[in-house]
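See below for the structure under consideration.
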Amino acid sequence: MNASQIHLALNHVPLFFSIAGGLVLLYGFIIKNNQVKVLSLYFMITAALFTLPVYFTGEGTEEIVEKLPGVSDNLIESHEDLAKIGLIVIIITGLAASGTLIIKKKPALLKPSLIICAFLAFISFGIMAETAHLGGQIRHSEIRNGTVVTIENEAGDNIDYQKNREPEDKDGD
């Protein structure tokens, strides 16, 4: 299995575990069940742990796809830049969830810590969702803004043309 296969196989796990962690935590607050709240913390930790192999296989994946026709270096760089931010945020979320598990027997600290974890889980989800979206655009031109058509010119170079873009406002209105 190469880096690209690992990256593609695991890249949605942090996304789904971060949103599940946040939603399960909210559900735990609604039904006032500490076991459900604790479960949500494990979801957040799982999201953080799965982010590591996804992130560290990104460079190997880039080496494979950057040579393919129709792949944009700008999209790769945007995806990579947001992935760095996502890694930091989701690791912070995982650490906060781990810390909350440690202090779960201290009621005065537990509720504020759980609230922080909930916010971090949803922030992690938002960043990871956008990172996944940017990553998907690298190879899926159908989800880009407009359709990209790759044409090979006489010199053998691939040129990307984007069709169906929204019209530019030339009047400045």
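Values in this text are rule-based calculations from the coordinates and carry no lab data. Values in this document were obtained by computation on a predicted structure and should not be read as measured data. Note that each Cβ is placed from the backbone with ideal geometry, even for glycine, and that neighbours are counted across all protein chains shown.
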Against the condition assigned to a helix (DSSP H, G or I) and in contact (Cβ under 8 Å) with a residue 12 or more places away in the chain, how does Leu68 come out, does it pass? no
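For segment 46-73: of the residues being of a type in the set (Gly, Ala, Ser) and under 18 Å from Phe125 (Cβ atoms), which is surrounded by the most Cβ atoms within 10 Å (Cβ to Cβ)?
Across segment 46-73, the extreme among qualifying residues is Ala47.
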Which is under 12 Å from the mean Cα position of the chain (by Cα), surrounded by 15 or more Cβ atoms within 10 Å (Cβ to Cβ) and of a type outside the set (Gly, Ala, Ser), of Ile76, Ile85, Ile90? Ile90
Criterion first (assigned to a helix (DSSP H, G or I), under 19 Å from Ile103 (Cβ atoms) and of a type in the set (Ser, Thr, Tyr)) does Ser40 satisfy it? yes
